[in-house]
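Each remark here refers to the structure printed beneath this line.
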Amino acid sequence: MSASYRVQYSDEARDARTKMTPQRRRAFDTQIREIAAAPYRYGSPLDGIRERRQHVVAGAVTVYWISDRVVTVSVVRIAHTD
């Protein structure tokens, strides 16, 4: 099995994650680690771009990019109601 992708956050996504309740943030972190282990298994491509994906993570709509060259999942947007 290959190693998980590294996860990084845009400033906007980091701020949204910080504003989550502690319970949601724990669930989000657990689920985003699962996504990092197999990012193409989750989410739906946006605008027909395989590497640009949207998935509901711990009840939050999350948009991320997958970069195979640098083995990174870049979370660019998180929308939630906390």
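Normalised by the residues of the chain, what does the relative contact order come to in percent, with Cα pairs under 8 Å and at least six apart? Intermediate results must be reported in sequence, preceding the final value.
On the way: 133 pairs, mean separation 30.2, N = 82.
Value for the chain: 37 percent.
Net charge within 15 Å of Ala37 by Cβ-Cβ distance, Lys/Arg positive one each and Asp/Glu negative one each, not counting Ala37 itself?
On the way: positive: Arg6, Arg33, Arg41, Arg53; negative: Asp29, Glu34, Asp68.
With Lys, Arg at +1 and Asp, Glu at -1, the net is +1.
Treat every Asp and Glu Cβ in the chain as -1 and every Lys and Arg Cβ as +1, leave all other atoms uncharged, and give the resulting dipole magnitude about the Cα centre to the nearest 20 debye. Mind dumping the intermediate values first?
Working: 14 positive and 9 negative charges, 31 e Å.
Magnitude of the dipole: close to 160 debye.
What is the sum of charges around Arg26, taking Lys and Arg as +1, Asp and Glu as -1, for the other residues whose C-beta is under 15 Å from the C-beta of Arg26? Write down the numbers at each step before the final one.
Details: positive: Arg17, Lys19, Arg24, Arg25, Arg33; negative: Asp29, Glu34, Asp82.
My count for the surroundings of Arg26 gives +2.
By how many degrees, 0 to 90 and rounded to 10, does the Cα axis of helix 22-37 deviate from the longest principal axis of the chain?
It works out to around 0 degrees.
Below 9 angstrom from the Cβ of Val63, what's the summed charge of the other residues (Lys, Arg +1; Asp, Glu -1)? Don't jump to the answer; show the numbers that get you there.
Details: positive: Arg52, Arg53, Arg77; negative: none.
That works out to +3.
None of the figures in this text is laboratory data; all of them are computed from the coordinates on show. As the structure is a prediction and not an experimental result, all values here were calculated from the model. Here Cβ is always computed from backbone atoms with ideal geometry, including for glycine, and neighbour counts include all displayed protein chains.
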